[in-house]
Amino acid sequence: MERAPASDFGKTINLWLVVVLGIWCTFLLSKAIDLQRPPADPNVVDENLYLSGKAAKRMSLGFNGLVADWYWMRSLQYVGRKVMNAHDIQLDDLSQLNLKLLPSLLDSATTLDPEFQDPYEYAAVVLPAINVDEAIRITKKGIDANPSAWRLYQHLGYIYWQQHDFALAAETYGKGAQLPGAPPWMEAMKARMAAQGGSRTTAREIYTNMFEQSADDRIREMAQRRIWQLDAFDQIDALQKILTTYNDRSGRCPANWKELQPIFRAIKLSVDPETGAPFDPSGTPFVFGDTNCSVRINPESKIPVN
């Protein structure tokens, strides 16, 4: 059997030493940060407990991408622990949770690996309800590090749209639309923002694009629920007109949904066979308020009420 050249053997040994050294350094860094992990008590202030991105970068010995992944996973775990102790929490409205550490975690991940796109998208969706200035700063940081990434302009435009700054949102979508590979809808969003930034049509287009473009299942689920919510609002408007017409003609609100069955059958509206209530887009029956002749989203629905 022909023996491998000594030089090749030496290269293999060196490669293994580098891999082992990288794993060992990551382990040591993980232990150093774990010593400063947030306490289990969610009421305890947990800010400034992790190493900064710059400090972690110095300690990573060149394994920045690996440590960035670690910080990214810590970000998701950090949010996940908080969400598990709460109820009826939407990914894009975590303002009631104590997430003071999240901006620094996402900032560290993007400092270690500036081309890592997932933390930027997460920052754009989650951070505005917690710290909008940090959401804008981290997303702009991503644009500075990745000037040809049109999706980062989409994320930044989304933040401005949430803040009802439709002029700045239009400008941001317009800048992103000029980049190579940007889809035609980016330019269309610029026009939409300028003309009707606060409309349901604009919101539906934003969340539809987010649903179609995001690779993060959590963000896709959030976008889907927001699309359902917009569709539910349209349905409620239509049902409210039916109730108003019924009230005007009979002088009273219907006692229950079943009184409206002839109308629902005429327009071929799908209803719950037991209560006669129309279904919302998630498949949950709407709630009928007979005292004020109104329609509401069922608290048991997957659709957010606000």
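Read-outs: derived from the displayed coordinates by stated rules, not from any lab. Computed from a predicted structure; not experimentally measured. Neighbour counts run over all protein chains shown; Cβ positions are idealised from the backbone, glycine included.
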- Query: What is the spread of the Cα atoms of segment 168-264 along each of their three principal axes, largest first, in whole Å?
  - Reply: 60, 31, 19
- Message: Using amide H atoms built in the peptide plane, which far-off residues or other-chain residues are under 5 Å from SER294 H to H?
- Response: GLY289
- Task: Jot down the radius of gyration and Dmax of segment 235-296, Cα atoms only, both in angstrom.
- Result: 10.7, 33
- Mind giving me the nanometre distance, one decimal, between the label points for VAL132 and LEU76, set 7 Å out from Cα along Cα→Cβ? 2.9
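Could you compute the FRET efficiency for ALA195 and LYS302, with r as their C-beta to C-beta distance and R0 at 35 Å, rounded to 0.05?
Details: r = 31 Å, r/R0 = 0.90.
Working from the Cβ atoms, E equals 0.65.
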- Query: So which of LYS82/LYS140; LYS141/LYS175; LYS241/LYS268; LYS100/LYS140 end up more than 25 Å apart by C-alpha?
  - Reply: LYS82/LYS140
